[in-house]
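The values are calculated or read from the model by the stated rules, or taken from the named source; none is laboratory data. Since the structure is predicted, the reported quantities are computational estimates derived from the model, not experimental observations. Here the Cβ is made from the backbone with ideal geometry for all residues, glycine too, and neighbour counts use every protein chain on show. Calculation scope for accessible area: heavy atoms of the full protein, side chains included, ligands and nucleic acids excluded. Shrake-Rupley method; radii C 1.70, N 1.55, O 1.52, S 1.80 Å.
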Amino acid sequence: MATEIGTIVEDGDSVLILDQTLLPTRLAQVRLSTLSEAAHAIRSMQVRGAPLIGATAAYGVALAMRADAADAALAACLATLAQTRPTAVNLRWALARMAALLSPLPQAQRAVAAWREAGEIAAEDAATNAAIGQHGLTVLRQLAIRGRPIELMTHCNAGWLATVAHGTALAPVYAAHAAGLPLHVWVSETRPRNQGLLTAWELTRAGVAHTLIVDNAAGLLMMQGRVDLVIVGADRVAANGDTANKVGTYLKALAARAHGLPFYVAAPRSTIDFACTDGAAIPIEERDRSELGAGDLSVANPAFDVTPAPLITAIISESGLSAPANLAQWR
Ligand code: MRU
């Protein structure tokens with residue numbers, strides 16, 4: 001898509017990321033040259049979104065191997081990166097893939113191999129998300145026959161900013177827009193970090209009609225018949241289809257069920273964690289109290305919630321659509 005800027009781009013020696021803590025007011029890149037800079041970028045949410053976190057972690061390992069490719073350094077960098085954010089399983093998936101490749105290799109080969117593998121993880125993410133977009137497009141085409149714009153609701157930012165390219169929940173939106181399907185997106189603000197502003201920024205750049213709403217307006221809009229479907233991303237999908245995504249997703253799924261609306265989760269297969277039997281086993285990240293801006297008040301700040309599988313119409317991955325109960329087919 002012409003409007004995309006690289007969320008993560010390597011230049012042979014280091015990695016340039018788009019600093020998402022500055023968006024949507026400032027567009028600026030940050031150079032990552034060390035493991036600690038990569039870990040900081042993930043922890044501080046300069047990069048965010050499950051697939052992009054995974055790609056950044058892979059490059060973090062590659063940067064670490066440049067400095068020291070000994071076994072102890074490999075183990076240390078994997079441990080450091082694994083601790084940055086707990087819920088998005090793509091992080092652990094990417095680290096496991098890097099570890100499986102690098103551990104058996106002689107030290108002298110690790111830096112080159114790590115760099116190449118990180119590049120492959122990034123390239124695969126772009127291709128995967130393009131495929132999600134095409135599978136999601138088939139869902140949207142079925143709604144387009146009504147002869148009026150499709151009214152789609154999303155939550156958080158699962159667009160190209162959250163991935164290496166194309167996005168997950170927004171990939172079908174961009175595919176539909178490219179195919180000329182009339183469509184309008186309801187974008188929820190996503191307190192406390194306002195990732196909805198990132199989604200609105202992306203959609204503005206792409207020329208996709210959209211409207212920003214406060215999180216709590218979602219139920220009213222569904223009740224008024226102004227929403228046709230919901231598509232969200234995911235940070236971790238358990239083996240039974242229970243899905244962790246940005247906090248507030250569950251309430252949208254409940255409201256969608258109450259109003260008979262389809263609720264889709266768009267995510268690459270790398271987001272499915274077959275080691276988690278159900279949603280109760282998914283670790284929920286508790287972020288800093290300062291994000292609420294509530295001074296000394298007693299606060300809780302869980303960053304994700306879990307939508308039970310029965311509330312999900314289907315999961316859209318690069319392999320097509322699956323009922324949450326049938327995810328084992330993608331094992
Ligand atoms: O805390 P964030 O901004 O990293 O959370 C992002 C989300 O919850 C996304 O919906 C999810 O990672 C899917 S991104 C393609």
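Computed over the chain with a Gaussian network model linking Cα atoms closer than 10 Å, the most mobile of Y59, Y250, Y174 is Y250. Amide H contacts for E10 (H built 1.01 Å from N in the peptide plane; partners 5 or more residues away or on another chain; cut-off under 5 Å): L16. Accessible area per residue (1.4 Å probe, heavy atoms of protein chains only) ranks D13, D125 as D13, D125, with the largest value leading. Sorted from longest to shortest, the spans of the Cα atoms of the range 219-284 along the three principal axes equal 40, 20, 17 Å. Each peptide in 301-309, 26-34, 41-49 receives the mean, over its residues, of other Cβ atoms within 10 Å, and ordering these scores from highest gives 41-49, 301-309, 26-34.
Roughly how big is the range 1-112's charge dipole about its Cα centre, with Cβ charges of +1 (Lys, Arg) and -1 (Asp, Glu), in debye to the nearest 20?
On the way: 9 positive and 8 negative charges, 65 e Å.
Charge dipole, the range 1-112, about its Cα centre: 320 debye, nearest 20.
For M65, the solvent-accessible surface with a 1.4 Å probe is about 10 Å², rounded to the nearest 10. Here the convex hull built on the C-alpha positions of the chain has a volume of 129 cubic angstrom per residue. Computed from backbone phi with θ = phi - 60° and the Karplus coefficients 6.51, -1.76 and 1.60, the 3J(HN,Hα) list for the range 293-310 is x, 10, x, 8, 4, 6, 9, 10, 9, x, 8, 9, 9, 10, 9, x, 3, x Hz; x is used for glycine and proline. The amide H of T168, built 1.01 Å from its N in the peptide plane, has G159 as neighbours under 5 Å, considering only residues 5 or more places off or on other chains. A cut-off of 5 Å between modelled amide H atoms, ignoring neighbours fewer than 5 places along the same chain, links I272 with V237. Rounded to the nearest 20 debye, the dipole size of the chain about its Cα centre is 580 debye, using +1 on the Cβ of Lys and Arg and -1 on the Cβ of Asp and Glu.
With a simple spin-label model that places each label point 7 Å from the Cα along the Cα-to-Cβ direction, the separation between T138 and A108 comes to 5.0 nm. Averaged over its residues, the chain has an accessible area of 39 Å² per residue, based on protein heavy atoms and a 1.4 Å probe.
Along the range 34-41 the Karplus relation, 6.51 cos²θ - 1.76 cosθ + 1.60 evaluated at θ = phi - 60°, assigns HN-Hα couplings of 9, 4, 5, 5, 5, 4, 5, 4 Hz to successive residues, with x for each Gly and Pro.
Considering the options L52, L91, A234, tell which one lies farthest towards the positive end of the dipole of the chain, charges being +1 on Lys and Arg and -1 on Asp and Glu at the Cβ, about the Cα centre. Farthest towards the positive pole: A234.
When all alpha-carbon pairs of the range 136-330 are counted, what percent fall beyond 20 Å?
Details: 10087 of 18915 pairs.
Result: 53 percent of Cα pairs exceed 20 Å.
Could you work out the relative contact order of the chain? I mean the mean sequence separation of Cα pairs under 8 Å and 6+ apart, divided by the number of residues, in percent.
Working: 683 pairs, mean separation 52.4, N = 331.
That works out to 16 percent.
Per residue, the chain reaches -12500 deg cm²/dmol at 222 nm when only DSSP H runs of four or more residues are counted, each adding -39500 (n - 2.57). Counting only protein heavy atoms and a probe of 1.4 Å, the accessible surface of the chain is 56% carbon and sulfur.
Across the range 53-132, C-alpha contacts under 8 Å between residues 6 or more apart give a mean separation that, scaled by the residue count, equals a relative contact order of 43 percent. If one computes the Cα centroid of the range 209-279 and of the range 300-331, what distance in Å separates the two points? After rounding, the separation between the Cα centres reads 9 Å.
Looking at the chain only, what percent of DSSP beta bridges run antiparallel? Nearest 5 please. Intermediate results must be reported in sequence, preceding the final value.
Numbers: 17 of 37 bridges.
About 45 percent, rounded to the nearest 5.
Across the range 144-264, the mean sequence separation of Cα contacts (distance under 8 Å, 6 or more residues apart), normalised by length, yields a relative contact order of 27 percent.
When the range 136-330 is described by a simple charge dipole with +1 on each Lys and Arg Cβ and -1 on each Asp and Glu Cβ, the residue from L198, L181, L220 located farthest towards its positive end is L181.
Heavy-atom accessible area for D71, with the other protein chains in place and a 1.4 Å probe, reaches approximately 100 Å². For the peptides 225-234, 78-87, residues were scored by their other Cβ atoms within 10 Å and the scores averaged per peptide; the highest-first order is 225-234, 78-87.
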